[in-house]
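Reading through the C-alpha cells given below for one structure.
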Amino acid sequence: MEKNKMKRVASPIIRLPGVHSVGVIGDPGCEGLGTYNMKVYAGALEESGRDDITLVVGDLVPTGTAHYYQIIREMTEILAGNDVYSLRGNHDTGAYTEYFGQKNYALLAENFAVVVLDNAVRSFEEEGLALLSEVLSMGEVRQVIVAFHIPVPNHFIQNCVSEEEFCRLKKAYGPWKEKVKYLLCGHVHSRFVDQVDGIPLICTGGGGAMIEDVSKEIRACDVEHHVVHFYEKNGTLEYRISNLSEDCYGKERKNVVLRQRLQETVEGELMAHLRYLMFADRAERRGMERIANLFRALAASEYHHARNFYSVLERPAAFMEAAETYVPGEEFEHEYLYRTMEQYAAEHESPLARQAYAGASAAEKEHASLLKKAADPENFSEETIYVCPICGYVMTEESASERCPVCGGPKRQFETYRAGTK
C-alpha cells in the first residue's frame with residue numbers, strides 16, 4: 001500500500017506538475033470519528049479520488065489531540081485514492097502542525113493555484129495574507145482558488161469572520177483580484193454558493209458531519225453530503241458538485257467473511273440491547289432506579305454499537321424514497337408470517353407465543369399504514385405517535401384511546417413520541 005497520501009506540508013509553496021483537478025471535502029470529523037460518520041468520509045474520499053489531489057477544508061477531527069489526528073490520518077492513508085492536503089478548521093487545534101505541517105501554503109498546479117489560509121480563530125494570519133499576495137503576483141499564476149475554513153461575510157449566514165477580517169483579505173488580493181476565480185470555505189455543515197466582492201464563494205461542509213439547517217432557504221432536507229470538484233476545461237477553472245449517495249461506500253461488504261461476522265455482530269449487539277432494556281424494566285418494578293438507569297444506559301450503548309456495525313453493511317435507498325421500501329416487509333409480517341405463526345402456536349397449544357404473534361401482527365399492520373403516509377415525507381402530518389409498552393401497538397393522536405385496543409394497556413402508560421423532541 002502506498003504510504004504518505006495524507007501530506008505534511010513542509011514548504012509554503014508546493015509545485016504540482018501534472019495536476020489538473022482537485023476534489024474538496026468539508027468538515028468530515030468535527031462531530032466525532034465514529035463509524036457512522038466516517039462512512040460518509042470514506043465515500044467522499046472515494047469520490048474525490050477521481051481528481052488528481054484532494055483538499056479537506058477543515059475540521060478533520062472533533063478536537064486537536066494526537067489520538068484523533070492519528071485515527072484520521074490512518075483512515076485516510078488506507079482509503080484515499082490520491083494525495084490529500086488539509087487546512088486547519090476551528091476544531092483542528094493542538095497538534096495540527098505536528099501532523100499536517102504548515103497552516104498557510106500554496107499548491108501550484110499545472111494551470112491554477114490553491115492558496116490555503118488559516119482563519120480557524122476567525123482571523124487571517126499576516127504570513128498567510130503575505131503568501132497570497134506573493135502567489136498572485138507571480139506571472140505564471142493566472143487562476144487562483146483562495147481556501148480557508150470559516151466563511152467571509154455573505155448573503156446566507158452570519159456565522160462568518162468579521163467585515164474587518166474580510167477587508168484584510170480583500171486588501172491582500174486586491175491588486176490581482178481578476179486572478180481570484182473562487183473563494184472556498186467549510187465550517188457550515190451544508191452547502192451554498194454566493195457572490196462576494198464579485199467572486200463566487202463556495203461553502204462546503206458535507207464530508208462527514210450531519211447536514212444541518214442553515215436558514216429558511218437552505219434546509220438540511222435539501223442538501224446531501226457531497227464533494228466539490230474543481231477542474232480545467234478549455235483552459236478555464238470550473239467546478240461541479242457531486243452528491244454522495246447514502247450508500248456511498250461498501251468496501252467491507254465485498255469481503256464475504258467480514259460481512260458474515262458483521263451481521264452476526266449486529267445481531268449480538270441488538271440482543272444485548274434488548275436484554276439490558278428488559279432487565280432495566282425488572283429493576284424499575286423492584287424500585288431499583290439506579291440499577292434500571294444503568295441498564296438503560298448500557299442498552300443505549302449496545303444500540304449505538306449495533307448502528308455502527310450495521311452502517312458498514314447497510315445499503316440504504318435515497319432518503320426521500322426510503323420510507324416506502326419498508327412497507328413490503330411490514331405487510332409480509334402482518335399478512336403472512338405472523339398470522340401463520342399465530343395459527344401454528346394455537347395448533348400446538350402455545351398461548352403465549354400465539355398472543356405475542358397476534359399483538360405484533362396488529363402493530364405491523366399499523367406500521368405499514370403509517371409508512372405509506374411517510375412515503376411522502378414533506379406532507380406527513382402526524383405530530384404525535386403513541387406506543388403501547390405492553391404489546392407494542394402503535395397509535396396516532398387521532399386513533400389513541402384510553403386503552404390499547406390490542407392488549408388493554410392504559411393510556412397513561414403509553415410511550416409518547418412527539419416531533420421535535422427526543
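The values are calculated or read from the model by the stated rules, or taken from the named source; none is laboratory data. Keep in mind the model is a prediction, meaning the values are calculated, not measured. Neighbour counts run over all protein chains shown; Cβ positions are idealised from the backbone, glycine included. With ligands, DNA and RNA removed, areas are computed over all heavy atoms of the protein, side chains included. Shrake-Rupley method; radii C 1.70, N 1.55, O 1.52, S 1.80 Å.
Here is how the numbers come out for the structure above:
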| read-out | value |
| --- | --- |
| Hey, V266 modelled with pLDDT of 90 or more and hydrophobic (A, V, I, L, M, F, W, C) or not | yes |
| Tabulated pairs, segment 383-394, first of a type in the set (D, E), second modelled with pLDDT of 90 or more, C-beta under 6 angstrom, 6+ apart or interchain | none |
| Residue, modelled with the lowest pLDDT, within segment 216-254, restricted to residues that are in a loop (DSSP other than H, G, I, E, B), open to solvent by 50 Å² or more (accessible area, probe 1.4 Å) and in contact with a Leu (Cβ under 9 Å, 6 or more places away or on another chain) | K251 |
| Qualifying residue in segment 331-347 (condition: farther than 22 Å from M278 by Cβ and in contact with a strand residue (DSSP E or B) (Cβ under 9 Å, 6 or more places away or on another chain)) | no |
| Matching residues in segment 201-240 - criterion: being more than 19 Å from C160 (Cα to Cα) and among the charged types (D, E, K, R) | D222, E224, E232, K233, E238, R240 |
| Qualifying residue in segment 13-21 (condition: out of contact with any Ser or Thr (no Cβ under 9 Å at 6 or more places or on another chain), open to solvent by 50 Å² or more (accessible area, probe 1.4 Å), of a type in the set (K, R) and outside any loop (DSSP other than H, G, I, E, B)) | yes |
| Verdict on I211 being hydrophobic (A, V, I, L, M, F, W, C), within 25 Å of T54 (Cβ to Cβ), open to solvent by less than 10 Å² (accessible area, probe 1.4 Å) and within 31 Å of the chain's Cα centre (by Cα) | no |
| Residue that is surrounded by the most Cβ atoms within 10 Å (Cβ to Cβ) [pool: residues in segment 139-160 that are over 16 Å from V116 (Cβ atoms) and among the hydrophobic types (A, V, I, L, M, F, W, C)] | C160 |
| Test: E110 is closer than 21 Å to L16 by Cα and at pLDDT below 95 | yes |
| Positions within segment 400-409 being under 22 Å from S361 (Cβ atoms) and either exposed (fewer than 12 other Cβ atoms within 10 Å of the Cβ) or aromatic (F, W, Y) (or both), in sequence order | S401, G408 |
| Selected residue (criterion: most open to solvent (accessible area, probe 1.4 Å)) from residues of segment 78-116 that are assigned to a helix (DSSP H, G or I) and in contact (Cβ under 8 Å) with a residue 12 or more places away in the chain | E98 |
| Number of the condition not met by E302 [criteria: (1) crowded, with 18+ Cβ neighbours inside 10 Å; (2) of a type outside the set (K, R); (3) at pLDDT below 90] | (3) |
| Looking only at segment 332-365, and only at residues there that are out of contact with any helix residue (DSSP H, G or I) (no Cβ under 9 Å at 6 or more places or on another chain) and among the acidic types (D, E), the one that is surrounded by the fewest Cβ atoms within 10 Å (Cβ to Cβ) | E349 |
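Quick grid of which residues meet (1) among the hydrophobic types (A, V, I, L, M, F, W, C); (2) not in a loop (DSSP other than H, G, I, E, B):
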{"position": "K373", "(1), (2)": "no, yes"}
{"position": "E378", "(1), (2)": "no, yes"}
{"position": "E382", "(1), (2)": "no, no"}
{"position": "C391", "(1), (2)": "yes, no"}
{"position": "E398", "(1), (2)": "no, no"}
{"position": "P405", "(1), (2)": "no, no"}
{"position": "R412", "(1), (2)": "no, yes"}
{"position": "Y417", "(1), (2)": "no, yes"}
